[in-house]
Amino acid sequence: MGLFTSINIAATGMSAERTRLDVIADNIANASTTRTTEGGPFRRSRVVMRPRSEGPYWRSPFLPKGMDNGIGTGVRIHEIQKDFSTEPRYVYDPTHPDAILTGRWEGYVEMPNVDVVTEMVDMISASRAYEANAAIIDGTKSMFQKALEIGTR
């Protein structure tokens, strides 16, 4: 394992969690959007992450290829999915411009399938994961500094 492998892995995690936080913020911002360009109410988005299959961003030229086991190359964003499995909420408001005009749901408005409480829990989880990755980078940096201090004595 090269010197910068742990920093590269933590950096991929920080990048993925930042994207996850952006998607969560978008969900919360659109929690009451009843009309989108695609038609219908806003649909909740979620981030799907996968392990990185390619090697790390930077590989030490001093580490022979046979000693590089390739374990732990980080995470990447596989896709951002719209949640079509959860049904939208229906709120009775016949004065709303997007209210259903005829049928069983007459007078109801189709609202987004965004649950703000779930989004807040996801946001706390993403921010804690971001902080954990930042702590890994800080710990690695302090180990490098201590190793350099040993070499100067």
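Details
- Selection of the range 32-51 for residues being under 20 Å from the mean Cα position of the chain (by Cα) and crowded, with 16+ Cβ neighbours inside 10 Å yields PHE42, ARG43, ARG44, SER45, VAL47, MET49.
- Pairs, first in contact (Cβ under 8 Å) with a residue 24 or more places away in the chain in the range 76-92, second acidic (Asp, Glu), C-beta under 8 Å, six or more apart: PRO88/GLU110; ARG89/GLU110
- Of the residues making up the range 111-153, just one is of a type in the set (S, T, N, Q), touching a residue at least 24 places away in the same chain (Cβ under 8 Å) and under 30 Å from GLY40 (Cα atoms), namely ASN113.
- Each residue in the range 74-100 was checked for being more than 30 Å from ALA16 (Cβ to Cβ) and among the small types (Gly, Ala, Ser), and 1 pass.
Bear in mind these aren't lab numbers, they're just calculated from the coordinates by the rules spelled out. Values in this document were obtained by computation on a predicted structure and should not be read as measured data. Every residue, glycine among them, receives a Cβ derived from its backbone with ideal geometry; neighbour counts consider all protein chains shown.
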